[in-house]
Amino acid sequence: MALKKSIIVFIILLMGSIAITNYNGDANSQVYGSEDSCKSLKERLKSLEPAIPQNMDDPPFFEYPLPRKVYSITEVIEKGHELNLRLAYNNPKWERQAYKEYWYSKYGRWSYVPIRIHYAMHRLFTTYTTASVNYDFVHELGITEESHKFPVLDNPLTFIRTVVMKSKVLKIITYGNQVIIIAKPQRYGLQVYDIPTKQINPINSKEPILFQLVTEQGDEIDYELIDYVYKPFF
């Protein structure tokens, strides 16, 4: 009888030990899972906002300085020469969305809030369409789907791809280190132009080009600065 009691007590103790071990294992896995989640959330937070609260100018990244000689919009229109419009994309019914799924913090690359605000504030954008630059460019602008219809350039450094949102472009005129885009503001619309850099004859090729989006009356809507790179294709 005593032997039976001893066996029963041993079995009870053994089962209790197994239960405690399993509980600790589950608890530890939950703790480790929690730590991984916290780490992931911290990384996502870094991709969303600055490390400390601060006021930031627009743009929240390096911007080329204005060329030393900037002419009035009227003077550029009067003295400049009109460029042939090379339309790469045109959708007058295009509606700008407030948010794109690839801006989600899970992906991080384009989710930084100050940069999101910067792009939302503007209607005029320019770039040279090298592969890596163009990839970020269309994602930042929220036009990746539309960009699949843009023509592929043999030598992207000989063109400045110019994106105009919510405007109808009428003329593009260049003079000095400036390019004036005359347009009618609209609620909708996306237009993309490929401007040959050889048609721009800057006063100083080492200084950036100032692009200005203006109304027919000569009032500036937006502006953009881009480095001047002219490399003919041979």
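The values are calculated or read from the model by the stated rules, or taken from the named source; none is laboratory data. The shown structure was predicted, so the numbers you read here are calculated from the model rather than taken from an experiment. For neighbour counting, all protein chains shown are included, and Cβ atoms are generated from backbone atoms with ideal geometry for every residue, glycine included. With ligands, DNA and RNA removed, areas are computed over all heavy atoms of the protein, side chains included. Shrake-Rupley method; radii C 1.70, N 1.55, O 1.52, S 1.80 Å.
Here are some notes:
- Extent along principal axes [Cα atoms of segment 24-140; Å; largest to smallest]: 80, 33, 26
- Spacing of the two label points (7 Å from each Cα toward its C-beta) at Thr130 and Ala98, in nm: 3.7
- Extending 7 Å from Cα along the Cβ direction at Lys106 and again at Glu145 yields two label points whose distance is 1.8 nm.
- Within straight-line cross-link reach of Lys93, aspartates and glutamates at Cα separation under 16 Å, skipping those fewer than 8 residues along the same chain: Glu145, Glu146
- The H on the amide N of Leu83, modeled in the peptide plane, is under 5 Å from the matching H of Ile172, Ile173, Thr174, each at least 5 residues off or on a different chain.
- Close amide H contacts of Ile160 (hydrogens built in the peptide plane, cut-off under 5 Å, sequence separation of 5 or more or a different chain): Ile195, Thr197.
- Heavy-atom accessible area for Glu145, with the other protein chains in place and a 1.4 Å probe, reaches approximately 90 Å².
- Extension gain from Ser205 to Ile115, taking 0.36 nm per residue of separation minus the Cα-Cα distance: 29.6 nm
- Dipole size of segment 73-227 about its Cα centre, with +1 on Lys/Arg Cβ and -1 on Asp/Glu Cβ: approximately 420 debye, rounded to the nearest 20.
- Cross-link partners of Lys46 among aspartates and glutamates, defined as those whose alpha carbon lies under 20 angstrom from its own and excluding same-chain residues fewer than eight positions apart: Glu35, Asp36, Asp57, Asp58, Glu101, Asp136, Glu140.
- Heavy-atom accessible area, probed at 1.4 angstrom with all protein chains present, ranks Phe211, Phe137, Phe61 as Phe61, Phe137, Phe211, highest first.
- 30 Å Cα-Cα threshold exceeded, pairs from Lys100/Lys149; Lys79/Lys100; Lys184/Lys206; Lys106/Lys168; Lys79/Lys168: Lys79/Lys100; Lys184/Lys206; Lys106/Lys168
- Here the extension length gained between Glu43 and Asp154 equals 36.1 nm, from 0.36 nm per residue of separation less the Cα-Cα distance.
- Cα gyration tensor of segment 73-227 - equivalent ellipsoid semi-axes, whole Å, descending: 26, 18, 15
- For Ser34 and Asn55, the FRET efficiency from 1/(1 + (r/R0)^6), where r spans their Cβ atoms and R0 equals 25 Å, is about 0.10.
- Segment Arg187-Arg68, extension gain: residue separation times 0.36 nm, minus the distance between their alpha carbons: 39.4 nm
- Aspartates and glutamates whose Cα lies under 17 Å from that of Lys69, excluding same-chain neighbours fewer than 8 positions away: Glu78, Glu207, Glu224, Asp227
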